[in-house]
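Enquirer: Here you go, one structure.
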Amino acid sequence: MGFAGAMVVAMAVDALTGWPSPLFARIGHPVTWLGRLIGAIDAGWNRESVAPALRRAAGIAGALVVIALSVAIGWVLQSLLAAGWVQIALVGIIAWPLVALRSLHDHVAAVAEPLPGGDIAAAREAVSRIVGRDPAALDEAGIARAAIESLAENASDGIVAPVFWGALFGLPGILGYKAINTLDSMIGHRSERYEAFGWAAARIDDVANFIPARLTGFLFVLLAPRRSQALSCMTRDARRHRSPNAGWPEAAMAGALGVRLSGPRIYHGSLTNEPWLNEGARDPLAVDINEALAVYRRAMLLLAAILAILAFA
């Protein structure tokens with residue numbers, strides 16, 4: 001379990017520093033590098049003139065190329081590192097930018113900051129950076145709901161899942177997962193362009209997030225101010241979500257805070273009727289974003305503690 005220790009290092013470095021803006025301005029970020037590769041494959045291989053079956057085959061091939069290349073890079077880097085404590089430290093440092101611990105916290109906190117003062121415009125602008133729904137249609141409850149849902153889902157996708165696969169396989173695991181998740185975010189949509197081409201990306205992402213999503217939900221339950229409500233809401237409502245995975249952390253967070261999440265929302269001018277999680281509870285407010293952040297911080301500390309015990313006990 002030496003790689004579990006490396007993931008503790010990655011989480012600690014990211015919690016302390018995040019990904020510095022000057023560094024991003026100079027070299028970008030590993031996810032942006034992956035994004036350029038995926039964008040090039042999408043532009044070259046996803047041809048609208050081709051039959052759907054061939055577009056699906058091209059999407060499968062493209063996803064496998066991106067994932068295999070990422071795993072191979074991770075394996076080569078890891079094989080070059082000396083064994084022992086030096087390897088654990090260096091793997092953790094290399095994995096650091098792939099753990100979005102601080103970035104997620106700061107982006108959600110930026111939504112909570114202007115809401116108590118009634119600055120809806122600033123809150124809408126902040127929430128537009130982390131969700132895809134139309135911010136202009138959101139009131140305080142809608143903004144709070146969007147921020148809390150994003151926090152819960154991305155705690156799984158952005159921290160727990162990469163750390164989980166990194167703890168199992170080191171750099172090949174965390175780089176391979178990040179490739180899978182970036183593929184899904186870019187081409188795994190149910191739209192006319194990506195229905196066929198992005199099919200494989202979406203299915204692979206579902207598999208890769210199956211365990212981490214449920215682990216995230218249980219972490220929230222354990223650290224919730226309302227544990228029994230969080231557990232009952234998660235086990236009852238998680239499967240109602242359109243995603244096979246996102247419902248677990250979101251339903252757990254809804255029960256933990258005693259609020260309702262998900263529900264109808266507007267994407268690109270169209271109303272999407274999603275089922276409620278914790279239906280019958282009150283709508284969230286600005287104060288609930290801060291309480292959700294507190295649950296998130298405690299859950300990530302518990303995750304780091306579990307990894308440290310696995311690595312060093």
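Enquirer: Assign unit charges at the C-beta atoms only (+1 for Lys and Arg, -1 for Asp and Glu), then state the dipole size of the chain relative to its Cα centre in Debye, rounded to the nearest 20.
Expert: That gives a dipole near 560 debye.
Enquirer: Can you tell me the FRET efficiency between Arg282 and Leu16 if r is taken as the Cβ-Cβ distance and R0 is 35 Å, rounded to the nearest 0.05? Numbers along the way, then the final one.
Expert: Details: r = 36 Å, r/R0 = 1.03.
Calculated transfer efficiency: 0.45.
Enquirer: Through the Karplus equation 6.51 cos²θ - 1.76 cosθ + 1.60, θ set to phi - 60°, convert the phi angles of segment 135-149 into ³J(HN,Hα) values in whole Hz; use x for Gly and Pro.
Expert: Values per residue, Gly and Pro as x: x, 4, 8, 9, 8, 4, 5, x, 5, 4, 4, 4, 5, 5, 4 Hz.
Enquirer: Which whole-Hz ³J(HN,Hα) couplings does segment 246-262 yield from phi under the Karplus relation 6.51 cos²θ - 1.76 cosθ + 1.60, θ = phi - 60°, glycine and proline marked x?
Expert: Taking θ as phi minus 60°, the curve returns 4, x, 5, x, 5, 5, 4, 5, 4, x, 4, 8, x, 10, 9, 10, 6 Hz for segment 246-262.
Enquirer: Accessible area per residue, 1.4 Å probe, Å², for the chain: what's the number?
Expert: Values: 14180 Å² over 313 residues.
So the chain comes to 45 Å² accessible per residue, rounded to a whole number.
Enquirer: What's log10 of I(q)/I(0) for segment 273-313 at q = 0.13, 0.21 Å⁻¹, Debye sum over Cα points only, no solvent?
Expert: So the normalised log intensities work out to -0.49, -0.76.
Enquirer: Per 10 Å bin from zero, what fraction in whole % of the C-alpha pairs of segment 41-101 is there, up to the bin with the longest pair?
Expert: With 10 Å bins starting at 0, P(r) equals 19, 31, 23, 18, 8, 1.
Enquirer: Compute the distance from the alpha-carbon center of segment 257-300 to that of segment 96-170, in whole Å.
Expert: Spelled out, the Cα-based centre of one part sits 11 Å from the other.
Enquirer: From the list [x] 31; [y] 36; [z] 46, can you say which value of percent of Cα pairs over 31 Å apart was derived from the structure given?
Expert: After the calculation, the listed value that fits is [x].
Enquirer: Multiplying the sequence separation of Ser191 and Ile60 by 0.36 nm and subtracting their Cα-Cα distance, what value in nm do you get? Write down the numbers at each step before the final one.
Expert: Details: separation 131, 0.36 × 131 = 47.16 nm, distance 1.67 nm.
Contour length minus the Cα-Cα distance gives 45.5 nm.
Enquirer: Among Pro97, Pro114, Pro264, which one moves the most in a GNM of the chain with springs linking Cα atoms closer than 10 Å?
Expert: Pro264
Enquirer: Quote the relative contact order of the chain in percent (integer), defining contacts as alpha-carbon pairs under 8 Å separated by 6+ residues. Please list the in-between numbers first.
Expert: On the way: 536 pairs, mean separation 72.1, N = 313.
After rounding, I find 23 percent.
Enquirer: Return the carbon/sulfur percentage of the accessible area of the chain, one whole number, probe 1.4 Å, all protein chains in place. Don't skip to the answer; put the middle values down first.
Expert: Details: 9150 of 14180 Å².
Carbon and sulfur atoms account for 65 percent of the accessible area of the chain.
Enquirer: A further question on this structure: Using mean Cβ contacts within 10 Å as the protection proxy, how do 193-199, 212-218, 175-181 order, highest first?
Expert: Values: 193-199: 20.1, 212-218: 24.0, 175-181: 26.4.
Highest mean packing first, the order is 175-181, 212-218, 193-199.
Enquirer: What is the local net charge at Leu231, summed over the other residues whose Cβ is closer than 13 Å to its Cβ (Lys, Arg +1; Asp, Glu -1)?
Expert: Neighbour charge sum, excluding Leu231 itself: +3.
Enquirer: In a shell of Cβ-Cβ distance under 12 Å around Tyr177, excluding Tyr177 itself, what net charge do Lys and Arg (+1) and Asp and Glu (-1) give? Working shown, then result.
Expert: Numbers: positive: Lys178; negative: Asp157, Asp184, Asp205.
Around Tyr177, the charge tally is -2.
Enquirer: I've got another one for you. Fully extended, how many nm does the chain gain between Arg298 and Phe210 (0.36 nm per residue separation, minus their Cα-Cα distance)?
Expert: Details: separation 88, 0.36 × 88 = 31.68 nm, distance 2.20 nm.
Extending this stretch completely gives an extra 29.5 nm.
Enquirer: Could you run the Karplus curve 6.51 cos²θ - 1.76 cosθ + 1.60 with θ = phi - 60° over segment 79-90 and give me ³J(HN,Hα) per residue in whole Hz, x for Gly and Pro?
Expert: Ordered by residue, 3J(HN,Hα) equals 5, 7, 8, 5, 6, x, 4, 5, 4, 4, 5, 6 Hz.
Enquirer: Tell me which residues come under 5 Å, amide H to amide H, from Ser262 once H is placed; ignore anything under 5 positions away on its chain.
Expert: When sequence neighbours closer than 5 places are left aside, the close amide H contacts are Leu277.
The values are calculated or read from the model by the stated rules, or taken from the named source; none is laboratory data. Keep in mind the model is a prediction, meaning the values are calculated, not measured. Backbone-built Cβ (ideal geometry, glycine too); neighbour counts: all protein chains shown. What goes into the accessible areas is simple: the full protein's heavy atoms, side chains included, and nothing from ligands, DNA or RNA. Shrake-Rupley method; radii C 1.70, N 1.55, O 1.52, S 1.80 Å.
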